[in-house]
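Worksheet: one structure, shown below.
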Amino acid sequence: MRTSIHQLLILCVCSLALFSCEKDEEKLTVTPTGIPELTVSTTSPALSSETAADDAVTFSWTPLDLTWSVPEYSYDAAKYTLQLAPAGTDFAAPEEVALGSSTEKTYTVADFNKLLLKMELPTGAPASLDVRLQTSIGPNVEPTYSNVVTVTATPYVDIPDYPSLYVPGQYQGWAPDVAPKISSPKDDGIYEGYVFMNVADGFKFTSKPNWDGPNYGDGGTGKLSTDGGAGNLTVKEPGYYLLKANTKDLTWSATKTTWGVIGDATGSWDNDKDLTYDETTKVWSATLPLSVGEIKFRANDAWDLNYGDEKDDKPADGVLEFNGDNIKVEEAGNYLITLDLSHPGYYLYKLKKQ
């Protein structure tokens, strides 16, 4: 196929007084040969927050070979675009990454993970992607497509780094640097988070992972004190607590919780199915039969403290919202259900069919 790209104008600009002016036109054509071949450095890139800065995967391809009718006026006309889509969807609605005339694209772990999250792929589960290269040489020319490579990767949740308070106490050896945290997603001095305390012998809130900054102790019932000599805060008994602190009003609270799942997918909106807490993994879980329907997570067999999917028509992505929408179960089966409240202010769930 010979394709007309543009007309080359050769202008002879002359002096108005001494010379005449002449314009010659010559049609410049180009003939593409073959189709670029797409290769990938690995078909199973490993993704984790610990290796976020490392290279994850490189896509590379042979450049399109172009033959020009007037070689001295040739230029790099081929433009490349990576197309990525969930495997088996035949690129019905691909994610596109325009790359100009480059012949390779390297993604770091963080960048490739962001790309997968942008494609609304679920976290914590392997996802297979079909990838191909689109090549264009002009607006009036149909693009060509390379071979398809399939890449499988498991996106991870990119936990936000919210302002936090540390919760050292007797239950963990009074070590702020390794203590659980409560966080302030809005950076407004209002903190919350879940902490498991296997003993009820006292704790404090610290502003740093040490004792050098302001720390908060007992200022009376429900009150905080910044006096370094203030007594310890206490809970009545060991357990899994929702801790809240307001460093502006100097108030705090602790609510002991146990967790369950409820909904028509579990059989009824009237009775919870209990979850079990694992101190090692720091998650609540249960393996249960679910029917097609909906569920939510709630504490203490009541609706005062419940979580569902994020609202505002956001796609289900495993992130929970207080008093959020019901979580849909699209297919009946036996599921491992996990509730992860270990990231303060950013709570997660998974439904994994067994």
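Since every read-out is calculated from the coordinates, none of them should be taken as a lab result. The shown structure was predicted, so the numbers you read here are calculated from the model rather than taken from an experiment. Here Cβ is always computed from backbone atoms with ideal geometry, including for glycine, and neighbour counts include all displayed protein chains.
Here each label is just a point 7 Å from Cα along the line to Cβ, and for Asn232 and Thr144 those points are 7.4 nm apart.
Taking a straight line from the alpha carbon of Lys105, these aspartates and glutamates sit under 19 Å away, with near neighbours fewer than eight places off in the same chain left out: Glu37, Asp54, Asp55, Asp76, Glu95, Glu96, Asp130.
Taking the mean number of other Cβ atoms within 10 Å as a proxy for protection, how do you rank 214-226, 196-208 from highest to lowest?
On the way: 214-226: 15.5, 196-208: 18.6.
Highest mean packing first, the order is 196-208, 214-226.
So for the chain, averaging the separation of alpha carbon pairs under 8 Å that are six or more residues apart and normalising by length, what relative contact order in percent results?
Relative contact order, the chain: 10 percent.
Which entry in (i) 28.2; (ii) 16.5; (iii) 21.5 is this structure's computed mean projected area of the Cα convex hull in nm²? Derived directly from the coordinates: (i).
Distance between the C-alpha centres of the stretch 145-185 and the stretch 323-337: 24 Å, rounded to the whole angstrom.
With r as the distance between the Cβ atoms of Ser44 and Thr258 and R0 = 45 Å, compute the FRET efficiency 1/(1 + (r/R0)^6) and round to 0.05.
Numbers: r = 39 Å, r/R0 = 0.87.
Once the sixth-power term is evaluated, E becomes 0.70.
Rounded to the nearest 20, the size of the Cβ-charge dipole of the chain about its Cα centre is 500 debye, with Lys and Arg at +1 and Asp and Glu at -1.
Quick one: angle between helix 109-118 and the longest Cα principal axis of the chain, in degrees between 0 and 90, rounded to 10, please. The answer is roughly 90 degrees. Summing Cβ point charges (Lys, Arg +1; Asp, Glu -1) relative to the Cα centre of the stretch 285-354 gives a dipole of roughly 280 debye. Ordering Ala78, Asn306, Asn210 by the projection of their Cα atoms onto the charge dipole of the chain, which places +1 on the Cβ of Lys and Arg and -1 on the Cβ of Asp and Glu, puts Asn210 at the extreme positive end.
Rounded if a/c is under 1.5, else prolate if a/b beats b/c, else oblate: with a ≥ b ≥ c from the C-alpha gyration tensor eigenvalues square-rooted, which is the stretch 164-257? Intermediate values should be presented prior to the final figure.
Details: a/c = 1.22, a/b = 1.15, b/c = 1.06.
Rounded, since a/c falls under 1.5.
Averaged over residues, the count of other Cβ atoms within 10 Å places the peptides 165-173, 278-286 in the sequence 165-173, 278-286, highest first.
Paramagnetic label reach from Lys328 (point 7 Å along Cα→Cβ; backbone nitrogen cut-off under 15 Å): within the stretch 89-109, no residues.
With the Cα gyration tensor of the stretch 259-353 giving a ≥ b ≥ c as the square roots of its eigenvalues, does the rule (a/c under 1.5 for rounded; else a/b larger than b/c for prolate; else oblate) give rounded, prolate or oblate? The shape class here is rounded.
Contour minus end-to-end for Asp188 and Ala125, with contour as 0.36 nm per residue of separation and end-to-end as the Cα-Cα distance?
Details: separation 63, 0.36 × 63 = 22.68 nm, distance 3.42 nm.
That works out to 19.3 nm of additional length.
Shape class for the stretch 33-153: prolate, because the ratio a/c of the largest to smallest gyration tensor axis (alpha-carbon atoms, square roots of eigenvalues) is 1.5 or more and a/b beats b/c.
So between Ala200 and Asp111, what do we pick up on full extension, going 0.36 nm a residue minus the alpha carbon distance? Before the final figure, lay out each step's value.
Details: separation 89, 0.36 × 89 = 32.04 nm, distance 4.31 nm.
Length gained between Ala200 and Asp111: 27.7 nm.
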